[in-house]
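J.: Structure incoming, see below.
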Amino acid sequence: MKIAVMGAGAVGCYYGGMLARAGHEVAMVARAAHAQAMGAQGLLLETQAFTERVPVAA
């Protein structure tokens, strides 16, 4: 499934990251610096269960 997250702040990044981790194609729409960092390095998800960088389009 293709998903776009508009306004990728804390909550949007969490849900978008979990969807991307589950195998969905996720595009994040965020402020320029945040979008550039996510596009270059992926989205860093830190939870109690795991810490992982998830690739997303930004």
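J.: Residues with amide H under 5 Å of V56's amide H, sequence separation 5 or more or different chain, H placed in the peptide plane at 1.01 Å from N; which?
T.: Counting only residues 5 or more places away or on other chains, the set is G42, L43.
J.: With the other protein chains left in place, how much accessible area per residue, in square angstrom, belongs to the chain at a 1.4 angstrom probe?
T.: Working: 3920 Å² over 58 residues.
With all protein chains present, the chain gives 68 Å² per residue.
J.: Would you mind putting 24-36, 40-52, 8-20 in packing order, based on average other-beta-carbon counts within 10 Å, highest first?
T.: Values: 24-36: 15.2, 40-52: 11.5, 8-20: 17.2.
Descending packing order for the listed peptides: 8-20, 24-36, 40-52.
J.: Further, regarding this structure: Note the full-extension length gain between A33 and I3 as 0.36 nm times their separation in residues minus their Cα-Cα distance, in nm to one decimal. Display every interim value, and only then the final one.
T.: Working: separation 30, 0.36 × 30 = 10.80 nm, distance 2.09 nm.
8.7 nm is the gain from fully extending A33 to I3.
J.: For the stretch 2-54, which whole percent of the accessible surface, found with a 1.4 angstrom probe, sits on carbon and sulfur atoms?
T.: On the way: 1920 of 3520 Å².
The computed percentage sits at 55.
J.: If r is the Cβ-Cβ distance from F50 to H24 and R0 is 25 Å, what FRET efficiency results, to the nearest 0.05?
T.: Values: r = 18 Å, r/R0 = 0.70.
The computed FRET efficiency comes out at 0.90.
J.: Tell me, what does the Kirkwood hydrodynamic radius of the chain come to in angstroms if you use every pair of distinct C-alpha atoms?
T.: On the way: mean 1/r = 0.0910 Å⁻¹.
Mean inverse Cα-Cα distance, inverted, gives 11.0 Å.
J.: Restricting to bridges with both residues inside the chain, how much of the DSSP beta-bridge set is antiparallel, in percent to the nearest 5? Provide the component values of the computation, followed by the final result.
T.: Working: 4 of 10 bridges.
Percentage antiparallel, nearest 5: 40.
The values are calculated or read from the model by the stated rules, or taken from the named source; none is laboratory data. Since this is a predicted model, take the numbers as computed values, not measurements. Here the Cβ is made from the backbone with ideal geometry for all residues, glycine too, and neighbour counts use every protein chain on show. Note: areas computed on protein heavy atoms with side chains; ligands, DNA, RNA excluded. Shrake-Rupley method; radii C 1.70, N 1.55, O 1.52, S 1.80 Å.
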